[in-house]
Amino acid sequence: MRAWIADQSSHAGLSFRERSDPPQREDEALIQVKAFAPNPGDLAALATAEPGSVPGWDGAGTVLRSAQNGSGPEEGQSVIFLGSRGGWAQMRSVPTATIAVTPNGADPALMSTIPVPVTSALRALRGLGSLLGRRLLVVGANSAVGAAAVQLAARSGAHVVAIARDQAAHERIKQLGAAEVHATMDTVSVPVFAAVDVVGGPHLVAAYSLLAP
């Protein structure tokens, strides 16, 4: 197979080269990668990546060989996947616990953008417990993680208070489920139960100030 590998001698820090096909453990499915989505963390890690390693956490593709232990999707099914490195290649072995089947006909390029942002938002929201009827602040609601948090929280029964600097995105964020959308936290007058902040810095301080006792 061919893969993008870490190569600090290259101007971009990457080279596209021939590599051995990945080994497959009993609990892993072998996937033909059709699309992957570079995350900011992937790109930031290139400068210190082990030479010759294949970066990339998530992507979408088709199962070439199902797991030997019988778990996970069957051969030929379209899936999205999440794992530690190895995603920027033509093939990848992935634990079946981090694979999900996608709808028939779904665009792999769009599907590949789901795993890291959505699981990041899901982990944050699960840590907050029940959100039913509670006000949740999402700072950076127009980002990939923020948009996922808005949708998941709204479907959990939360009153989502979204913060997005780009006012052109406000209508879209409302369509995702936000009950309120603000350009800054200065216009949020009612305290919130919890906050998910994907921006940080002064925004995190401002989010703390909006938390109810």
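Data overview
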{"item": "Residues that are closer than 19 Å to Val205 by Cβ and of a type in the set (Val, Ile, Thr), drawn from the range 129-147", "result": "Val138, Val139"}
{"item": "Residue identified as among the aliphatic types (A, V, I, L, M) and either in contact with a Leu (Cβ under 6 Å, 6 or more places away or on another chain) or free of Cβ contacts under 8 Å to residues at least 12 places away in the same chain (or both) among Leu43, Leu82, Leu14", "result": "Leu43"}
{"item": "Residues being modelled with pLDDT of 95 or more and assigned to a helix (DSSP H, G or I) - total across the range 187-203", "result": "1"}
{"item": "Criterion (outside any strand (DSSP E or B), touching a residue at least 12 places away in the same chain (Cβ under 8 Å), surrounded by fewer than 20 Cβ atoms within 10 Å (Cβ to Cβ) and in contact with a helix residue (DSSP H, G or I) (Cβ under 6 Å, 6 or more places away or on another chain)) met by exactly one of Ser53, Ser71", "result": "Ser71"}
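The values are calculated or read from the model by the stated rules, or taken from the named source; none is laboratory data. Note that the structure is a prediction, hence the values are computed from the model and not measured. Note: ideal-geometry Cβ built from the backbone for every residue, glycine included; neighbour counts use all protein chains shown.
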